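**Student:** My questions will all concern the structure given below.
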Amino acid sequence: MTVTIRAFAEADTEAVLALWRQAFPEYNDASRPHRDPRLSIANKLGTQPELFFVAIRHDGDETGTLVGTAMAGYDGHRGWLYSVAVAPEARRLGLGTRLVRHAENALAAMGCLKLNLQVLTDKPEVLAFYGRLGYCTDAVISLGKRLSAQESEALA
């Protein structure tokens with residue numbers, strides 16, 4: 001299997017959505033608007049789109065099949081890794097590792113010295129994957145707050 005990693009192109013949208021809905025079941029929950037995959041793509045295209053990567057499997061055809069994704073971001077202080085996903089038929093072949101390393105290299109080239117990511121607590125296999133890549137639990141507590149449109153407008 002030959003796989004190339006490249007920057008996301010808008011023509012990849014439907015394939016990315018299909019992969020994410022398979023890899024991240026929480027994206028199918030309409031009660032979680034912060035998990036809207038179309039919005040995630042649109043937002044990423046507006047901020048550092050060069051850090052949105054897709055993995056394409058080539059089986060003798062020119063276009064290939066999208067089999068993986070990784071999104072990264074860097075705010076000048078710390079990097080973040082998001083939406084690392086690999087299609088079930090392409091798992092356990094090193095593709096997830098290649099995607100993570102590709103994102104790490106892109107961030108390092110920007111001067112990023114520290115990379116963070118978050119994993120849902122009910123995903124021990126994902127925690128094990130990142131552990132094998134050298135990631136460990138930081139002695140911090142991740143906090144979050146959902147901002148509604150009304151709250152955002154009140155803060156302005």
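Bear in mind these aren't lab numbers, they're just calculated from the coordinates by the rules spelled out. From a predicted model like this one, the values you see are computed outputs, not experimental measurements. Counting neighbours? That spans all protein chains shown, and the Cβs are built from the backbone with ideal geometry, glycine included.
**Student:** Starting from the exponent 0.38 and prefactor 2.2 Å, build the expected Rg for region 2-155 from its residue count and divide its actual Cα Rg by it. Walk me through the intermediate numbers first.
**Tutor:** Values: Rg = 16.0 Å, N = 154, 2.2 N^0.38 = 14.9 Å.
This ratio for region 2-155 stands at 1.07.
**Student:** What ranking do R32, R92 get, fewest neighbouring Cβ atoms within 10 angstrom at the top? Present the calculation step by step, with values, prior to reporting the outcome.
**Tutor:** Numbers: R32 11, R92 8.
Fewest-to-most Cβ neighbours within 10 Å comes out as R92, R32.
**Student:** Of all GluC sites (Glu not before Pro) in region 1-75, which ones are in loop regions per DSSP and have a Cβ with at most 16 other Cβ atoms within 10 Å? Each step should come with its number before you reach the end.
**Tutor:** On the way: sites: E10, E14, E26, E50, E62; in loops: E62.
Of the GluC sites (Glu not before Pro), the ones in loops of region 1-75 whose Cβ has at most 16 other Cβ atoms within 10 Å are E62.
**Student:** Ranking F52, F8 by Cβ neighbours within 10 Å, fewest first, what do you get? Before the final figure, lay out the partial values.
**Tutor:** Working: F52 24, F8 21.
Exposure proxy ranking, most exposed first: F8, F52.
**Student:** A further question on this structure: Express in nm, to one decimal, how much length is gained between Q118 and A9 on full extension, taking 0.36 nm for each residue of separation and deducting their alpha carbon distance.
**Tutor:** Working: separation 109, 0.36 × 109 = 39.24 nm, distance 2.52 nm.
Value of the extension gain: 36.7 nm.
**Student:** Which order do D122, D29 fall in if you start with the one that has the fewest other Cβ atoms within 10 Å? Can you show the working numbers first?
**Tutor:** Details: D122 7, D29 10.
Arranged by neighbour count, lowest to highest, D122, D29 become D122, D29.
**Student:** Also, quick follow-up: Return the single residue from V126, V86, V67 with maximal mean-square fluctuation; model: Gaussian network over the chain, springs between Cα atoms under 10 Å.
**Tutor:** Highest fluctuation among the options: V126.
**Student:** Considering amide H positions built from the backbone, and no H for Pro or chain starts, which residues 5 or more places from G68, or on another chain, come under 5 Å of its amide H?
**Tutor:** Long-range HN contacts for G68: A55, A87.
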